[in-house]
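Just so it is clear, none of the values below were taken in a lab; they were calculated from the coordinates. Being a predicted model, the structure only gives us computed values, none of them experimental. We place every Cβ from the backbone using ideal geometry, glycine too, and count neighbours over all the protein chains shown.
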């Protein structure tokens, strides 16, 4: 009888733990994400291939809860899908300042300061964009991510 009660209790705890982990971020303190996608175009005609898009939460507690900032790398067609916890999972609901960093290839990779021919952090050479697009303290773009909305953003850079 005692063993039966212990097994039943263990099975109940295991089922509760499985249910909590299957419900996304329940119990982890991490907010759920919402799909967020978009496009980055340089001078309205050229996809900003390999540019880095970063969503900076307006609420600083969000950044602490998720352990960073949602980000995306721009694909060959100019599109991107935000990543927070897993590839292309989106971003938590909320307001964001948006920065975009796009760098060219270093001219002389042998004299580069970074790893594998790139600058420190592997970001490449000089910025191809006006610095206003990469300033997190005064972001050039804003985005609001809402559950149930389309959450598609178009950013035109120069």
Checklist entry - How would you rank 127, 134, going from fewest to most other Cβ atoms within 10 Å of each one's own Cβ? => result 127, 134
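Please order 41, 82 by the number of other Cβ within 10 Å, starting at the fewest.
41, 82
Determine the shape class of the range 31-157: with a ≥ b ≥ c the square roots of the Cα gyration tensor eigenvalues, call it rounded for a/c under 1.5, and otherwise prolate if a/b is greater than b/c, oblate otherwise.
The shape class here is prolate.
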Checklist entry - Among 89, 59, what is the fewest-to-most ranking by other Cβ atoms within 10 Å? => result 59, 89
Next on the checklist: Order 50-58, 145-153 from most to least packed using the mean count of other Cβ atoms within 10 Å.
Outcome noted: 50-58, 145-153
Item to check | Sites residue 46 and residue 138 - FRET efficiency at Förster radius 30 Å, r taken between beta-carbons, to 0.05 | outcome: 0.75
